[in-house]
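Below is one structure, written out as structure tokens, with a few remarks after it.
The values are calculated or read from the model by the stated rules, or taken from the named source; none is laboratory data. Only a predicted model underlies this, so the values are computations on that prediction, with no experimental measurement involved. Note that we place each Cβ from the backbone using ideal geometry, even for glycine, and neighbour counts take in every protein chain shown. Only protein heavy atoms, including side chains, enter the accessible area calculation; ligands, DNA and RNA are left aside. Shrake-Rupley method; radii C 1.70, N 1.55, O 1.52, S 1.80 Å.
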Amino acid sequence: MLPPVAVSPLIKTARYSALIAGIIYGKKRYDYLKPIAAEERRIEEEEKKIQEEQARIAKILAEANEDTILK
Amino acid sequence: MAQAVQKLVSKVPGMINATVAYSKPRLATFWYYARVELVPPSPAEIPKAIQEATNLVKGLQAGRLGQTTVREAVRNGLVATEVLMWFYIGECIGKGGIVGYDV
């Protein structure tokens, strides 16, 4: 087994500051994206409700309009 | 069916022992290297790091860039890539997930 290498202090500081910077960046971006996603979900829910309503109305109209003597 | 499950469950302690016996020496090797190589910089080393960084910048300005061998350049590139990957690992820790943001 080779003896462990003495890592230069520059590389050590760079590694750990990159780690901490990454944690901070990840947290900040997550906090930024979370309300945006909640808003999008809310808008999608509302639009889906409207679509369902229209589909229901269209179905009723279609049923009322089909005229056939086979009923 | 129940017998098969019982047999499986009775093998679990044996499997755990086998896992521990397998990983102990490898963990020891890991700690042997990590205690020297992966340890965070002590406060005394930070001014040395800043000094090394300024030396690097001065050397760059003095035109030593043309004198680096390809081997040195590749090694420096690999080290820089490793430092960059630590940033991404930090980002994964910060966002609480490996792939994508779980919003």
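Which members of the range A:1-59 meet the condition of being open to solvent by less than 100 Å² (accessible area, probe 1.4 Å), facing chain B (nearest Cβ under 8 Å) and among the charged types (D, E, K, R)?
Once the filter is applied, which keeps residues that are open to solvent by less than 100 Å² (accessible area, probe 1.4 Å), facing chain B (nearest Cβ under 8 Å) and among the charged types (D, E, K, R), the range A:1-59 yields A:12, A:15, A:29, A:34.
Please count how many residues of the range B:13-47 are within 14 Å of chain A (Cβ to nearest Cβ) and among the small types (Gly, Ala, Ser).
Total satisfying the criteria: 4.
Just the residues that are away from chain A (no Cβ under 11 Å) and under 22 Å from the mean Cα position of the chain (by Cα), please, taken from the range B:48-78.
The answer is B:72, B:73, B:74, B:75, B:77, B:78.
Filter the range B:79-103 down to the residues that are among the hydroxyl-bearing types (Ser, Thr, Tyr) and at the interface with another protein chain (Cβ under 7 Å from one of its Cβ atoms), then identify the one that is nearest to the chain's Cα centre (by Cα).
Out of the qualifying residues, it is B:88.
Can you spot a residue in the range B:12-33 that is in contact with a Lys or Arg (Cβ under 6 Å, 6 or more places away or on another chain) and either in a loop (DSSP other than H, G, I, E, B) or charged (D, E, K, R) (or both)?
The answer is no; no qualifying residue exists.
Which one of B:82, B:72, B:91, B:52 is charged (D, E, K, R), touching a Phe, Trp or Tyr at 6+ places or on another chain (Cβ under 7 Å) and part of a helix (DSSP H, G or I)?
Result: B:91 is the single residue among B:82, B:72, B:91, B:52 that is charged (D, E, K, R), touching a Phe, Trp or Tyr at 6+ places or on another chain (Cβ under 7 Å) and part of a helix (DSSP H, G or I).
Could you grab the pairs with beta carbons closer than 6 Å, sequence gap of 6+ or different chains, first residue in the range B:61-85 and closer than 22 Å to residue A:9 by Cα, second one of a type outside the set (D, E, K, R) and part of a helix (DSSP H, G or I)?
If the second residue must be of a type outside the set (D, E, K, R) and part of a helix (DSSP H, G or I), the pairs left are B:83/A:14; B:83/A:18.
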